[in-house]
Amino acid sequence: MARLVRRILRRPYLVLLGGMVFYVIATVTIDELRVLELQATTWDLGLYQQALWSVGHGRPLYEAADFEVAGYPSFLEVHTSFVLFAVAPVYDALPSPLTLFTLQSIVVAGAAIPLYLLSREVVGRGPIALTPPLLFLCSAAVIGSSIYDFHVEAFLPVEFFTFFLLWYRRQYAWGAAVAVVALLTMEIAPVLMATIALVFLLPSRDGLRGLLQGWRSSWGSQRLRALLRPLGAQLRWYLLDRRHQVSAALLLASIVSYYFLRFLQSFWIQPLLGLPPISPIVRAPGEGVIGASPGLLGVGLGGASVDPFGKLSFWIITYALLGLVPLLSLRGYVLAFPWWIFTVFNTNANFSIIGFQYGYIFAIPLMLSFIFGLRRLQGWWQETSTGAQRRASPVGLRRPSRGTVAVTVTALVAVNLLMSPLDPVLHDSGQGAAYQFSYEVPPGYSDVTQLVSLIPPGAVVLASDNLFPLVANNLHAYSLYWDPNQYPAFLPFSSAELPRYVLISENRDWLVPSWLDEILYSTGDYGVVGIVEETPVGGVILFESGYHGPALLLGGPVHPLWAWTPAALLADPATNLLAAPGTPYNEALWGMPGETTHLWDTPAVSLPVGNYSMDVLLAEEPMGPGAPPTNTSSVLFLHVEGFAGDPDAILYVPHSLLRGGGWTSIVLNFTIGAPAIGVQIAAYQLDPGAGIETAAVSLHPS
């Protein structure tokens with residue numbers, strides 16, 4: 001086994017290639033899983049699909065998401081991502097999410113190559129040089145970013161690792177060319193370039209040692225000139241050194257380019273691309289997403305009070321996943337400092353959560369810092385092992401064996417993978433969006449795509465955000481917003497201006513605006529084209545304006561029976577689950593006496609046209625304060641309601657039906673006139689003297 005490991009390590013490029021292949025296969029596979037589970041949404045897969053599609057169809061990077069919310073007619077006014085024009089022909093040839101996922105993963109995996117070459121230059125050609133690229137490919141943050149849809153930030157690591165490598169090799173012309181590409185990728189590029197410029201402007205260790213030695217040799221002199229002579233010599237060398245000169249120019253160019261991009265975004269993009277002007281309601285001249293001031297970036301002292309423990313935990317975990325090695329390098333502090341400040345004082349806590357696209361950004365300073373921290377460790381090992389300058393090693397480290405290094409690197413890789421979305425234990429654990437999926441894909445995706453195929457190309461369609469990627473290759477597709485507290489100000493629809501098609505998912509039906517909710521069933525303006533009964537996001541329904549034909553039912557045969565145990569009901573906190581021997585499930589939900597309250601809801605179901613019967617097994621236990629109910633008083637209210645108010649059936653249950661003390665089956669019949677999603681049965685206890693118990697609920701066609 002040891003011999004096999006040695007043979008593999010003698011071929012580092014094969015190890016690197018294996019890591020890259022693993023990364024591409026793992027991330028693309030899970031990206032596709034998220035699509036099949038309808039977890040990929042408008043933000044951010046759908047908006048990139050539409051922006052790239054629009055390039056070949058007469059609209060430069062138009063996407064409805066930011067137009068609806070902020071009035072931006074092009075993605076370029078959100079981010080100065082001109083590099084997307086190079087991606088657009090690829091997507092136009094193969095307009096599928098898989099195209100974007102594959103391209104993204106290959107680009108990110110490719111960043112491991114310049115990182116490895118830089119590592120070889122800094123720490124040597126041994127197997128240790130493989131550590132930084134392998135940790136990058138297995139990083140929880142980087143994997144999390146790749147699994148969360150598609151983002152232009154994915155191009156930054158390969159650009160900046162290549163740029164740093166070329167600058168380190170003093171290949172400044174090629175480095176400048178890569179810097180231009182990075183500037184065309186995103187507006188954060190000048191900030192990253194400025195920090196790299198500062199790193200190369202730091203005086204070298206040899207220069208500092210020479211200065212100190214010069215001071216020591218002239219310390220006995222009383223003449224000021226003798227003391228300043230070493231400083232002058234070092235300063236002259238510093239100013240005449242070509243690396244320092246070009247790095248100073250880089251720093252200046254970074255500052256200028258930041259504000260140039262800022263100016264370009266605010267004033268030139270619209271006339272250059274023939275875009276309509278942005279409404280002054282959205283922003284005044286000089287304002288924008290990039291932000292020329294801390295306030296416009298969302299950074300301020302008040303941001304430090306937003307989830308401070310979460311931000312601190314994020315940075316501790318992030319450095320711990322790299323074995324704290326980046327902290328050993330002074331360069332690491334310079335590289336990471338801007339991102340520390342930005343995350344700590346930003347009001348948006350998502351910047352400091354693994355599982356969003358920002359992992360691409362903070363991986364850049366961390367991995368570069370890791371390489372130089374590793375070189376610092378090597379220096380300590382060499383000084384300790386050779387016996388020379390032992391005091392230079394602050395902890396007296398001995399050179400570890402190859403086995404120890406291999407085990408340590410393997411452990412770091414394993415911990416990163418276990419902290420990444422690849423670990424099913426962390427799925428839906430409240431982390432970033434990348435963790436919201438399952439390896440057990442429920443059925444229904446193919447039925448939804450069949451339903452979407454009924455929408456003609458180019459038709460005006462309004463879709464739930466988790467269905468928008470299915471219609472995004474359409475300049476006339478619009479998305480409902482994910483935040484119920486913020487209605488899209490520029491959504492071009494109203495009760496007087498209706499979209500032709502409306503595509504709604506059950507778990508997003510509560511985000512449909514009230515004016516549309518009231519129209520879909522009640523006015524006759526819309527008809528149901530089709531419905532998918534079961535999908536990963538509940539039922540999916542397609543409405544068409546003016547449609548009066550039959551509805552297509554997809555998703556398998558109609559359920560003959562839905563049956564819910566008391567434990568399966570969506571119970572109110574005012575209820576208790578108690579043992580109930582002799583009932584169908586030997587348990588019951590009890591609504592405590594003395595309260596009038598909502599008791600429970602059934603899980604939502606989708607129903608085609610037909611007649612249905614609901615059966616509820618009930619009993620009454622009036623064991624609380626207050627007068628007992630009268631025979632004629634209603635003690636329970638049952639309500640059947642679906643999305644957009646269809647169906648709408650009610651039943652009041654009088655005390656006289658339940659007063660015998662045993663279990664009684666109550667039946668409510670209702671009719672579905674048009675296919676419906678989100679149908680739920682709700683129960684409300686009406687009399688404070690009653691204590692209603694529910695032992696079983698069922699629903700079936702009648």
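The values are calculated or read from the model by the stated rules, or taken from the named source; none is laboratory data. Worth saying up front: this structure is predicted, and the values here are computed from it rather than measured. All Cβ positions, glycine included, derive from the backbone under ideal geometry; neighbour counts span all protein chains shown. The protein model used for the area step is the full one, side chains on, heavy atoms only, and it has no ligands, DNA or RNA in it. Shrake-Rupley method; radii C 1.70, N 1.55, O 1.52, S 1.80 Å.
Computed values, structure above
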| quantity | calculated |
| --- | --- |
| Condition broken by Phe161, with the remaining ones in (1) farther than 24 Å from Tyr48 by Cα; (2) open to solvent by 10 Å² or more (accessible area, probe 1.4 Å); (3) modelled with pLDDT of 95 or more; (4) not small (Gly, Ala, Ser) satisfied | (2) |
| Condition met for Leu264 (at pLDDT 50 or above, open to solvent by less than 30 Å² (accessible area, probe 1.4 Å) and touching a Leu at 6+ places or on another chain (Cβ under 9 Å)) | yes |
| Qualifying residue in the range 118-141 (condition: assigned to a loop (DSSP other than H, G, I, E, B), buried (at least 24 other Cβ atoms within 10 Å of the Cβ) and of a type in the set (Gly, Ala, Ser)) | yes |
| Entirely in the range 11-114, the helices (runs of 4 or more DSSP H) that have 2 or more residues that are open to solvent by 50 Å² or more (accessible area, probe 1.4 Å) and out of contact with any His (no Cβ under 9 Å at 6 or more places or on another chain) | 12-36, 84-93, 97-110 |
| Members of the range 465-498 found to be more than 24 Å from the chain's Cα centre (by Cα) and closer than 24 Å to Glu641 by Cβ, listed by number | Ser495, Leu498 |
| Residue that is modelled with the highest pLDDT [pool: residues in the range 518-535 that are open to solvent by 20 Å² or more (accessible area, probe 1.4 Å) and closer than 15 Å to Pro675 by Cα] | Glu534 |
| Neighbours by Cβ (under 9 Å, 6+ apart or cross-chain): first from the range 482-511, under 18 Å from Pro469 (Cβ atoms) and open to solvent by 20 Å² or more (accessible area, probe 1.4 Å); second part of a loop (DSSP other than H, G, I, E, B) and among the acidic types (Asp, Glu) | Trp482/Asp465; Arg508/Asp465; Leu511/Asp465; Leu511/Asp483 |
| Filter result for Thr597 (within 22 Å of Val635 (Cβ to Cβ), open to solvent by less than 20 Å² (accessible area, probe 1.4 Å) and among the hydroxyl-bearing types (Ser, Thr, Tyr)) | no |
| Sole residue being free of Cβ contacts under 8 Å to residues at least 40 places away in the same chain and open to solvent by less than 30 Å² (accessible area, probe 1.4 Å), chosen from Val409, Val471 | Val471 |
| Filter result for Leu577 (outside any strand (DSSP E or B) and either farther than 16 Å from Gly678 by Cβ or touching an Asp or Glu at 6+ places or on another chain (Cβ under 9 Å) (or both)) | no |
| Residue selected from the range 305-345 under the condition of a type in the set (Gly, Ala, Ser), over 20 Å from the mean Cα position of the chain (by Cα) and in a helix (DSSP H, G or I), by the criterion modelled with the lowest pLDDT | Ser305 |
| Residue in the range 643-658 that is farther than 18 Å from Glu533 by Cα, at pLDDT 90 or above, of a type in the set (A, V, I, L, M) and assigned to a strand (DSSP E or B) present | no |
